[in-house]
Amino acid sequence: MGRIGIGFSGGPNASEIVECVKLAESLGYESAWVAEGHGGDQFAVLAACAVQTSRILLGTDITSVFVRTPPTIAMAAATVDQLSGGRFILGLGSSHKVQVEPEHGVVYSKPLTRVRETADFVRKLIREERASYDGETVRVQNFDLWFKPFRPQIPIYAAAVFPKMIQTCGEIADGIILTRSSLDTAAKVREHLAEGAKRVGRDPSEIVVTSLLPTAVSERREEAYDALRPGVALYAGFFPRYNKMMSEYGFAEELATIAEAWKRGDREEAVRAVSDELIRASSIVGTPDEAREQLEAYRRSGIDVPIISPFARGPGARAVFEAAIRACAPR
């Protein structure tokens, strides 16, 4: 049975996400992941999932190291880990300058260092229950926990897109969280992970490779592609990092057109500029049979845990997620 996760990044409300995670657990999903952004407090949602499930792993994808302090992240992680009986995975990442600074009023600086030092501090505090830290970006004086964590070590995965951060994952992370991967991504990522792991004497095969994959499943293929077009336009238009990443898949001209339309404020033109080929290059899309075939292709390519990530907003969001969960369930 193939390993698979389900990811949430807005759309269903907190209670609906809990119901979706319960469904995923019943169908054999290995893990459920909750982003934050504008979609609600991820730790609160995962805490609710923790007390209503018993087997499925629960993770953040990702917790931004800039918008929460390291002690706050550690306490939240330890809380959900205790409520879930040791099923929590802390997914950390730097997020994006275009979000962190204007939306949170926080200076975005030295993202690789911030991720590394946050992971280091979180591990130290959970293991020792009291920690100080004097780093370049993280400085904490004598923070102590007033409760005992469920276990002294919680898995930490880190998000990465480009080689430097992927190599950093090879040094510090138990797993890597990729996004919008192509079928060529995993092989290249594993090379960079091995480089980082070699620096610190780690076995790179122990690092779990996961990827968030935009997902739309429908008996009508055109409907599935149209469902993903707005999300691709958003990620390609708003986030420079993702625009560059997808451009490297062979769509540089198309990505430039999308970015220019987005910059002008022409959202409709940005959506129209998204081709089926671009969607297919980094998504799970099409009929249920096609979706299952694509998931298996990602596993064969070297993605240990593909994480389906439906894109839906509005009153019907829960139904969209439930349909995708059922269609892609392991057999």
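Over region 180-284, what is the mean sequence separation of C-alpha contacts under 8 Å (at least six apart), divided by residue count, expressed as relative contact order in percent? Walk me through the numbers on the way to the answer.
Details: 105 pairs, mean separation 33.8, N = 105.
32 percent.
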> Which aspartates and glutamates have a Cα lying under 16 Å from the Cα of LYS148, excluding residues fewer than 8 positions away in the same chain?
Replying inline: ASP81, GLU128, GLU129
> Taking only the alpha carbons of region 170-271, what extent do you get along each of the three principal axes, in Å, biggest first?
Replying inline: 50, 34, 20
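Counting Lys +1, Arg +1, Asp -1, Glu -1, what net charge surrounds THR257 among other residues with beta carbon under 14 Å of its beta carbon? Walk me through the numbers on the way to the answer.
Values: positive: ARG229, LYS263, ARG264, ARG267, ARG272; negative: GLU253, GLU254, GLU260, ASP266, GLU268, GLU269, GLU277.
Around THR257, the charge tally is -2.
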> Rg (Å, one decimal) plus Dmax (Å, integer) for the alpha carbons of region 91-226?
Replying inline: 17.8, 58
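For region 11-64, which chymotrypsin sites (Phe, Trp or Tyr not before Pro) pass both filters: DSSP loop (anything but H, G, I, E, B) and at most 11 other C-beta atoms within 10 Å? Don't skip to the end; give the middle numbers.
On the way: sites: TYR29, TRP33, PHE43; in loops: TYR29.
Answer by residue number: there is no such site.
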>> Here is the link list: LYS22/LYS164; LYS124/LYS164; LYS164/LYS263; LYS198/LYS263; LYS124/LYS244. Which ones come out longer than 32 Å on Cα distance?
In response: LYS22/LYS164; LYS198/LYS263; LYS124/LYS244
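What does the net charge come to around LYS124 if you take all other residues with beta carbon closer than 14 Å to its beta carbon, with K and R at +1 and D and E at -1?
Numbers: positive: ARG116, ARG123, ARG127, ARG130, ARG139; negative: GLU117, ASP120, GLU128, GLU129, ASP134, ASP144.
Charge balance near LYS124 sits at -1.
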> Taking neighbour Cβ counts within 10 Å as the exposure measure, how do GLU268, GLU195 sort from fewest upward?
Replying inline: GLU268, GLU195
> Given C-alpha coordinates of the chain, what is the ratio Rg to Rh with the Kirkwood estimate of Rh?
Replying inline: 0.95
> What Kirkwood hydrodynamic radius, in Å, does region 249-324 give when the mean of 1/r is taken over all pairs of distinct Cα atoms and then inverted?
Replying inline: 14.5 Å
> What's the exposure ranking of ASP120, ASP144, going from fewest to most Cβ atoms within 10 Å?
Replying inline: ASP144, ASP120
> Using the alpha-carbon atoms, what tilt in degrees (0 to 90, nearest 10) does helix 14-26 show relative to the longest principal axis of the chain?
Replying inline: 80 degrees
>> Quick check: residue separation of GLU191 and GLU223 times 0.36 nm, minus the Cα distance between them. What number comes out in nm?
In response: 7.8 nm
>> Just the number: Rg to Rh for region 38-161, Cα atoms, Kirkwood Rh, two decimals.
In response: 0.96
> Applying the Karplus parametrisation 6.51 cos²θ - 1.76 cosθ + 1.60 with θ = phi - 60° to the phi angles of region 186-195, what ³J(HN,Hα) value in whole Hz is obtained for each residue in order, glycine and proline being reported as x?
Replying inline: 4, 4, 5, 4, 5, 5, 5, 4, 5, 4
>> Tell me the angle of helix 42-51 to the major Cα principal axis of the chain, expressed in degrees between 0 and 90 and rounded to the nearest ten.
In response: 80 degrees
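Give a quick list of chymotrypsin sites (Phe, Trp or Tyr not before Pro) in region 211-266 that DSSP marks as loop, anything other than H, G, I, E or B, with at most 12 other Cβ atoms within 10 Å. It would help to have the intermediate numbers written out before the result.
Working: sites: TYR225, TYR235, PHE238, TYR242, TYR249, PHE251, TRP262; in loops: none.
Within region 211-266, no chymotrypsin sites (Phe, Trp or Tyr not before Pro) qualify (loop, at most 12 other Cβ atoms within 10 Å).
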> Where does each of ILE4, ILE258 land when they are ranked from fewest to most other beta-carbon atoms within 10 angstrom?
Replying inline: ILE4, ILE258
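Using the Cβ atoms and a cut-off under 14 Å, what net charge is assigned to the surroundings of ASP144, where Lys and Arg are +1 and Asp and Glu are -1?
Values: positive: LYS124, ARG127, ARG130, LYS148; negative: GLU128, GLU129.
Taking every other residue near ASP144 into account, the sum is +2.
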>> Loop only by DSSP, 10 or fewer other Cβ within 10 Å of the Cβ. Give me the chymotrypsin sites (Phe, Trp or Tyr not before Pro) in region 80-148 that pass, ordered by residue number.
In response: TRP146, PHE147
>> So if I place +1 on the C-beta of Lys and Arg and -1 on the C-beta of Asp and Glu, and nothing else carries charge, what would the dipole magnitude of region 221-284 be about its Cα centre? I want it in debye, nearest 20.
In response: 280 debye
> log₁₀ I(q)/I(0) of region 24-91 at q = 0.13, 0.22 Å⁻¹, via Debye over equal Cα point scatterers, no solvent, to two decimals?
Replying inline: -0.32, -0.88
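Would you kindly state how much longer the chain becomes between ASP134 and ASP184 on full extension, computed as 0.36 nm times their sequence separation minus their alpha carbon distance, in nm to one decimal?
Details: separation 50, 0.36 × 50 = 18.00 nm, distance 3.94 nm.
Gain on stretching ASP134 to ASP184: 14.1 nm.
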>> How high is the relative contact order of region 1-143? Use alpha-carbon pairs under 8 Å, at least six apart in sequence, and give a whole percent.
In response: 18 percent
>> Looking only at the chain, where both bridge partners belong to it, what percent of the DSSP beta bridges are antiparallel (to the nearest 5)?
In response: 10 percent
> Plugging the Kirkwood radius over Cα pairs into Stokes-Einstein for region 221-284, at a temperature of 37 °C and a viscosity of 0.692 mPa s, what D comes out in µm²/s?
Replying inline: 291 µm²/s
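Under a point-charge model restricted to the Cβ atoms of Lys and Arg (+1) and Asp and Glu (-1), what is the dipole moment magnitude of the chain relative to its Cα centre, in debye to the nearest 20?
680 debye
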>> At a threshold of 8 angstrom on Cα-Cα distance, excluding pairs fewer than six apart, so keeping six or more, what relative contact order does the chain reach in percent?
In response: 20 percent
> Can you give the calculated 222 nm mean residue ellipticity of the chain, where each DSSP H run of n ≥ 4 adds -39,500 (n - 2.57) and the sum is split over every residue, rounded to the nearest 500 deg cm²/dmol?
Replying inline: -15000 deg cm²/dmol
> For the Cα atoms of the chain, what angle does the longest principal axis make with the long axis of helix 288-301, in degrees from 0 to 90, nearest 10?
Replying inline: 50 degrees
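Read the figures in this text as sums done on the coordinates, not as results from a lab. Because the structure is predicted, anything quoted here is derived from the model rather than measured. Note that each Cβ is placed from the backbone with ideal geometry, even for glycine, and that neighbours are counted across all protein chains shown.
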